[in-house]
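> I'd like to ask you about the structure that follows.
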Amino acid sequence: MGLDLIDLVYFLVSVAVILSVHEASHALAAYFLGDPTAKLNGRLSLNPVRHFDVLGFVMLIFVHFGWGKPVPVNTGNFKHPMRDSALTALAGPVSNFVLAFVLALPLKYMGEFLPVFVATQLWWIFDLSIIWGIFNMLPIPPLDGGKILGLIVPRRFERRFMEFQNKGLVYFAAFILLDMFVFWDVIGLFFRPVAGFSLVRFVVLGAFEFVRSVILFGV
């Protein structure tokens, strides 16, 4: 995605808002469920600086894919570690969809009365918030979706699930590499995908169009 300077500003402002809401929601959920670790580390905040990660920001600028500083969680403070960890993870993507829903109201009913730059910025936040939420719902650790699976993992598999979580970065890196270099060839055996086909992009953007339509229709 090529961005000119003005679009880059819209993009960065949007990410600052979305990231702050997302990470603060993790912290709030953890605090509500009994773990004050994130709050004690200053993460229960909408200040984007508190959630800033240098490497994630560099990746965001150059490849438009990045991340914030992980919210510290001490599962030992949870009454039900597996369930509460999953609920803490779920809070992030849910906050993105709630943010999009809240923005949909003024955009749909007042958009024509807003200054152009304000409306444009709100649309950027609206769209990227949905995409951010959907991407984080992918069931691959260390994404939130990988932790959310803990809500349905039977107790007898909890130990293996935790091992799966601990190796999350390896699995994630492997999946991204497969998506970049292998999936296109495999799918090409059955269909004729366009050059540069990405399964992740296909799933995320397909879900984005659906969720976007549902939210705008719902309000």
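> Considering each of Leu87, Leu128, Leu107, Leu122 in turn, give the residue that is farther than 25 Å from Ser213 by Cβ and assigned to a helix (DSSP H, G or I).
The conditions single out Leu87.
> Considering only the stretch 13-52, state which residues are within 17 Å of the chain's Cα centre (by Cα) and surrounded by fewer than 16 Cβ atoms within 10 Å (Cβ to Cβ).
The answer is Val13, Leu46, Phe52.
> Sticking with this structure for a sec: Restrict the check to the stretch 142-158 and report whether at least one residue is farther than 26 Å from Phe32 by Cα, part of a helix (DSSP H, G or I) and acidic (Asp, Glu).
no
> Within the stretch 140-149, track down each residue that is at pLDDT below 90 and not hydrophobic (A, V, I, L, M, F, W, C).
Pro141, Pro142
> Mind checking whether some residue in the stretch 43-62 is part of a helix (DSSP H, G or I), more than 21 Å from Val9 (Cα to Cα) and either of a type in the set (D, E, K, R) or touching a Gly at 6+ places or on another chain (Cβ under 7 Å) (or both)?
The answer is no; no qualifying residue exists.
> Looking at Phe101, Phe126, Phe57, Phe65, can you tell me which residue is modelled with pLDDT of 95 or more, surrounded by fewer than 20 Cβ atoms within 10 Å (Cβ to Cβ) and not β-branched (Val, Ile, Thr)? Break it down into steps so the answer makes sense when it comes.
Values: Phe126 fails: surrounded by fewer than 20 Cβ atoms within 10 Å (Cβ to Cβ); Phe57 fails: modelled with pLDDT of 95 or more; Phe65 fails: modelled with pLDDT of 95 or more.
Of Phe101, Phe126, Phe57, Phe65, the one residue that is modelled with pLDDT of 95 or more, surrounded by fewer than 20 Cβ atoms within 10 Å (Cβ to Cβ) and not β-branched (Val, Ile, Thr) is Phe101.
> Here is a follow-up. Going through Arg156, Arg192 one at a time, which residue ends up being over 25 Å from Ala91 (Cβ atoms), loosely packed, with under 11 Cβ neighbours inside 10 Å and modelled with pLDDT of 85 or more?
Arg156
The values are calculated or read from the model by the stated rules, or taken from the named source; none is laboratory data. Remember, predicted model here, so these are calculated numbers, not experimental data. Cβ coordinates were reconstructed from backbone atoms using ideal geometry, including for glycine residues, and neighbour counts include every protein chain displayed.
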